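Notes follow once the structure below has been shown.
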Amino acid sequence: MFCFPFVLPKTIFLVWNSLNDPLFGWLSDHRALGKNQSGLSQSEIIKKRFRALMKYGPLFTLSFLSIWFHWMHPSIQFVLCLCLYDGFLTMIDLNHLALLADLALSSKDRANLNWYCSVFSGCGSLSVFLSHHFWDRDNMGSFHVFCTLLSAFSLIGFFVSSFLLKQHFSTTKVKVDIPQEEERSKQYFS
């Protein structure tokens with residue numbers, strides 16, 4: 001059966017989702033990757049990414065929370081919440097993944113950051129399993145409390161992780177791996 005109130009918002013979301021990834025990727029990097037390559041310095045790019053995480057992280061948590069509370073006509077709320085959530089998720093993912101590459105230029109540092117990222121992503125995924133304990137279709141009160149606490153925890157996590165990464169960046173010198181061929185050619189020409 002064709003369900004118009006669901007299909008139209010889903011179609012709007014599909015169009016939004018196909019457009020926002022390249023658009024936000026371009027917006028995220030257009031100043032640093034100009035035609036003449038005389039954009040921002042590496043340090044300025046990293047600071048810009050920290051600011052983006054600090055700005056879009058709270059908005060991302062609010063967009064998650066807005067899904068679970070009735071505040072508008074269901075079809076309009078559905079499409080708005082999906083588009084907002086996906087848009088903020090895209091901005092966070094773009095800056096987070098680029099920041100990972102910007103902060104860790106050595107394979108050891110990158111492996112350490114990837115390990116921490118994987119561990120905390122796994123811990124965050126446990127919230128899906130916990131949510132089933134609080135879900136009751138007839139009484140959504142406990143589920144709303146769970147979602148609110150989860151959003152608050154995520155908000156604190158964005159601030160703490162951004163602060164710690166920013167502190168790590170300002171106190172640690174970035175190490176770069178030298179490929180073996182370059183190292184051999186330096187020894188040969190020395």
Among Asp29, Asp21, which comes first, second and so on when ranked by fewest other beta-carbon atoms within 10 Å? Asp21, Asp29
Potential extension, Leu14-Trp71 segment - 0.36 nm per residue separation minus Cα distance: 18.2 nm
Sorted by chain and number, the residues with a modelled amide H under 5 Å from that of Leu105, at a separation of 5 or more or across chains, are Lys175
Listing Val79, Val7 by rising number of other beta-carbon atoms within 10 angstrom, fewest first, gives Val7, Val79
To the nearest 0.05, what FRET efficiency results for Lys47 and Ser118 with a Förster distance of 35 Å applied to their C-beta separation? 0.85
What spacing in nm lies between the two simple spin-label points modelled at Val7 and Leu164, each 7 Å away from Cα in the Cβ direction? 4.8
Modelling each spin label as a point 7 Å along the Cα-to-Cβ direction, I'd like the Ser131/Leu62 distance in nm, to one decimal. 2.1
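Here, each number is a calculation from the coordinates, and none is a lab measurement. Everything numeric in this text was worked out from a predicted model, so none of it was measured. A quick note on method: Cβ atoms are made from the backbone with ideal geometry, for glycine too, and the neighbour counts reach across all protein chains shown.
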